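Asks: Next up is a structure, given as structure tokens.
The values are calculated or read from the model by the stated rules, or taken from the named source; none is laboratory data. Treat the numbers as computed from the prediction; the structure is a model and nothing was measured. When we count neighbours, we look across all protein chains shown, and the Cβ atoms used for this are built from the backbone with ideal geometry, even at glycine.
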Amino acid sequence: MGDSTSAFNHLFSHLVETILSTADSPGQCARYLAENLRSLIGAKTVLVLECTHSSGLHEHRVLSAFPSRRAALGMHEAVQEIAGLSHRIDRAGLFLPGEEAPLPIALKRLGVGASLICPLQYAGERVGVLLLLDLMDTDNLGTIRETLDRLSTVMALILRNAFLYNHLESEVERRTRELTERSAALAKALNEKDVMLKEVHHRVKNNLQLVNSLLYLQAASSDDPFLRSALEKGQGRIYSMSLVHDELYRSDDLSSVDMRAYAQRLCMSFSDNAGETIRIGCTSDPITLPVTQSVPCGLILNELITNALKYAYPEGKPGEIAVTVRQDGGMVVMTVEDGGIGLPENSAKDTFAGLGLTLVRGLVDQLHGQMVILNKSGASGGANGVRIEIHFPWESTE
């Protein structure tokens with residue numbers, strides 16, 4: 001008896017070691033357990049069922065069966081009933097079909113003889129059940145039941161960890177799927193927003209061009225030179241604003257304007273209207289400004305270039321106007337200068353609004369900036385043009 005028990009314990013220890021070595025694969029572990037328990041204990045069929053909880057109910061699915069051809073037996077309503085009834089027992093037990101009790105009655109309905117039912121539980125949590133149906137030898141069952149109780153804890157721990165891992169994996173998959181769907185929906189919404197903003201900028205540009213055309217027709221039909229001049233100035237201002245919306249429409253970034261491209265296009269439009277006598281040059285650093293700054297900047301440049309064309313070179317004299325937009329630390333500096341007649345000697349800087357800079361001063365205040373007006377000195381000491389600088393803090397869009 002002692003040798004038999006020693007041999008059994010040796011086989012059991014080997015079984016536990018192998019089970020632990022396959023703990024990362026619960027299915028493989030259950031198959032190995034079912035196969036070896038059948039030969040070790042002597043049962044016609046061994047079933048390992050996993051217990052899961054859904055909507056407050058216990059559900060049992062076959063994790064392994066040996067021989068494998070008996071796997072379908074795990075779905076028999078009597079086996080499912082036995083698995084459910086096993087929740088009433090806390091340790092391995094031998095049940096005989098002839099007894100008047102729920103478990104023996106279910107075994108009789110299944111058509112099997114003496115069977116061992118061993119609940120698989122860990123830390124009070126039921127994770128499955130081990131069924132050894134139709135025992136071929138019922139001797140020494142005390143040792144076998146103790147062995148199964150010890151083995152059930154190991155198997156329960158493996159199944160519990162597998163369940164937690166699978167649950168975590170499925171939860172990660174679910175959350176990943178949700179995040180992917182949300183990202184796709186967000187990307188679609190952002191794309192629709194970009195399309196709508198492009199359409200808005202395009203329509204605003206077209207509407208401003210329409211207003212510009214109406215002003216042009218009105219100016220062309222007017223005999224009043226003062227009214228015609230005022231309408232032409234209005235045209236220039238509206239065109240400078242329409243250019244902003246055109247640049248936004250062309251840009252991938254719908255919230256900012258490339259001031260280098262904008263300034264060059266504005267200067268080119270003035271060059272086309274100025275003829276060959278006055279050349280308008282433009283240099284700019286790569287500066288991107290938000291709409292809140294680009295519109296005032298466009299109006300300022302329009303007004304300063306218009307004033308230079310009107311006052312710097314009287315009587316059709318040839319000349320040059322230089323426009324510069326550059327970055328100086330955290331400031332943007334816009335400069336418009338000419339080589340013309342300069343400011344009159346008796347023209348005070350603070351009353352310079354008479355030359356059309358009232359609008360510019362208001363826009364500079366809007367930018368929280370400063371304006372500097374300088375008379376450039378010529379070789380003989382006289383005036384040799386005007387240089388106007390606008391300094392304002394840069395609201396970077398990066």
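Asks: Restricting attention to the stretch 127-135, does a residue exist that is out of contact with any helix residue (DSSP H, G or I) (no Cβ under 9 Å at 6 or more places or on another chain) and part of a helix (DSSP H, G or I)?
Replies: Taking the stretch 127-135 first, the residues out of contact with any helix residue (DSSP H, G or I) (no Cβ under 9 Å at 6 or more places or on another chain) are 134.
If we keep only those that are part of a helix (DSSP H, G or I) as well, we get none.
The answer is no, given that none of the residues of the stretch 127-135 is out of contact with any helix residue (DSSP H, G or I) (no Cβ under 9 Å at 6 or more places or on another chain) and part of a helix (DSSP H, G or I).
Asks: Still on this structure, please answer the following. Basic (Lys, Arg) and under 22 Å from residue 322 (Cβ atoms) - does that describe any residue in the stretch 245-265?
Replies: Pass one, the stretch 245-265, residues basic (Lys, Arg): 250, 260, 265.
Applying the additional criterion that residues be under 22 Å from residue 322 (Cβ atoms) yields 260, 265.
There is at least one residue in the stretch 245-265 that is basic (Lys, Arg) and under 22 Å from residue 322 (Cβ atoms).
Asks: Taking the stretch 303-333 on its own, how many of its residues are polar (S, T, N, Q) and either modelled with pLDDT of 90 or more or surrounded by 24 or more Cβ atoms within 10 Å (Cβ to Cβ) (or both)? Steps first, answer last, please.
Replies: From the stretch 303-333, those polar (S, T, N, Q) are 306-307, 324, 327; that's our starting set.
Applying the additional criterion that residues be either modelled with pLDDT of 90 or more or surrounded by 24 or more Cβ atoms within 10 Å (Cβ to Cβ) (or both) yields 324, 327.
Of the residues in the stretch 303-333, 2 are polar (S, T, N, Q) and either modelled with pLDDT of 90 or more or surrounded by 24 or more Cβ atoms within 10 Å (Cβ to Cβ) (or both).
Asks: Return the total of residues in the stretch 274-302 being out of contact with any strand residue (DSSP E or B) (no Cβ under 9 Å at 6 or more places or on another chain) and within 27 Å of residue 362 (Cα to Cα).
Replies: Our first condition is that a residue be out of contact with any strand residue (DSSP E or B) (no Cβ under 9 Å at 6 or more places or on another chain); within the stretch 274-302, this holds for 275-276, 292, 299, 302.
If we keep only those that are within 27 Å of residue 362 (Cα to Cα) as well, we get 292, 299, 302.
Result for the stretch 274-302: 3.
Asks: For the stretch 178-235, how many residues are β-branched (Val, Ile, Thr) and within 25 Å of the chain's Cα centre (by Cα)?
Replies: To start, the set of residues in the stretch 178-235 that are β-branched (Val, Ile, Thr) comprises 180, 195, 200, 204, 211.
Narrowing the set further to residues that are within 25 Å of the chain's Cα centre (by Cα) leaves 180, 195.
Of the residues in the stretch 178-235, 2 are β-branched (Val, Ile, Thr) and within 25 Å of the chain's Cα centre (by Cα).
Asks: Let me ask you something else. Among the residues of the stretch 42-65, is there at least one that is modelled with pLDDT under 85, of a type in the set (A, V, I, L, M) and loosely packed, with under 13 Cβ neighbours inside 10 Å?
Replies: Checked against the condition, which is being modelled with pLDDT under 85, of a type in the set (A, V, I, L, M) and loosely packed, with under 13 Cβ neighbours inside 10 Å, the stretch 42-65 yields at least one hit.
Asks: If we scan the stretch 346-363, do we find a residue that is at pLDDT 85 or above and either in contact with a Lys or Arg (Cβ under 6 Å, 6 or more places away or on another chain) or over 22 Å from residue 229 (Cα atoms) (or both)?
Replies: no
Asks: Scanning for something among the acidic types (Asp, Glu) and touching a Lys or Arg at 6+ places or on another chain (Cβ under 7 Å), does the stretch 116-128 turn up at least one residue?
Replies: Going through the stretch 116-128, the residues among the acidic types (Asp, Glu) turn out to be 125.
In the following step, the residues that additionally are touching a Lys or Arg at 6+ places or on another chain (Cβ under 7 Å) were identified as 125.
So far as the stretch 116-128 goes, yes, one or more of its residues are among the acidic types (Asp, Glu) and touching a Lys or Arg at 6+ places or on another chain (Cβ under 7 Å).
Asks: Cβ-Cβ under 8 Å, sequence separation 6+ or interchain: first residue in the stretch 264-275 and charged (D, E, K, R), partner part of a helix (DSSP H, G or I). Which pairs?
Replies: Going by the 8 Å Cβ cut-off, the qualifying pairs are 265/243; 265/247.
Asks: Filter the stretch 266-306 down to the residues that are among the β-branched types (Val, Ile, Thr) and farther than 21 Å from residue 393 by Cβ and list them by number.
Replies: Once the filter is applied, which keeps residues that are among the β-branched types (Val, Ile, Thr) and farther than 21 Å from residue 393 by Cβ, the stretch 266-306 yields 277, 278, 280, 283, 305, 306.
Asks: Could you please let me know if residue 81 is surrounded by 15 or more Cβ atoms within 10 Å (Cβ to Cβ) and in a helix (DSSP H, G or I)?
Replies: Working: surrounded by 15 or more Cβ atoms within 10 Å (Cβ to Cβ): yes; in a helix (DSSP H, G or I): yes.
For residue 81, the condition - surrounded by 15 or more Cβ atoms within 10 Å (Cβ to Cβ) and in a helix (DSSP H, G or I) - is met.
Asks: Same structure again: Checking residue 243 against (1) more than 15 Å from residue 299 (Cα to Cα); (2) not assigned by TED's automatic domain parsing to the domain that holds residue 303: exactly one of these is not met. Which one?
Replies: (1)
Asks: Just to be sure I understand, how many residues within the stretch 236-277 are surrounded by fewer than 21 Cβ atoms within 10 Å (Cβ to Cβ), modelled with pLDDT of 85 or more and touching a Pro at 6+ places or on another chain (Cβ under 9 Å)?
Replies: So the answer is 2.
Asks: Still on this structure, please answer the following. Hey, could you check the stretch 66-78 for residues that are assigned to a helix (DSSP H, G or I) and touching a Leu at 6+ places or on another chain (Cβ under 8 Å) and say which is modelled with the highest pLDDT?
Replies: Just the residues of the stretch 66-78 that are assigned to a helix (DSSP H, G or I), to begin with: 68-75, 77-78.
Pick out the ones that are also touching a Leu at 6+ places or on another chain (Cβ under 8 Å) and you get 70, 73-74, 78.
Working: 70: 84, 73: 87, 74: 83, 78: 91.
So, considering only residues that are assigned to a helix (DSSP H, G or I) and touching a Leu at 6+ places or on another chain (Cβ under 8 Å), the one modelled with the highest pLDDT is 78.
Asks: Would you please list the contacts, defined by Cβ atoms under 9 Å and residues six or more apart or on different chains, that run from a residue in the stretch 193-219 that is touching a residue at least 60 places away in the same chain (Cβ under 8 Å) to a residue that is not in a helix (DSSP H, G or I)?
Replies: Close Cβ pairs satisfying both conditions: 194/252; 194/254.
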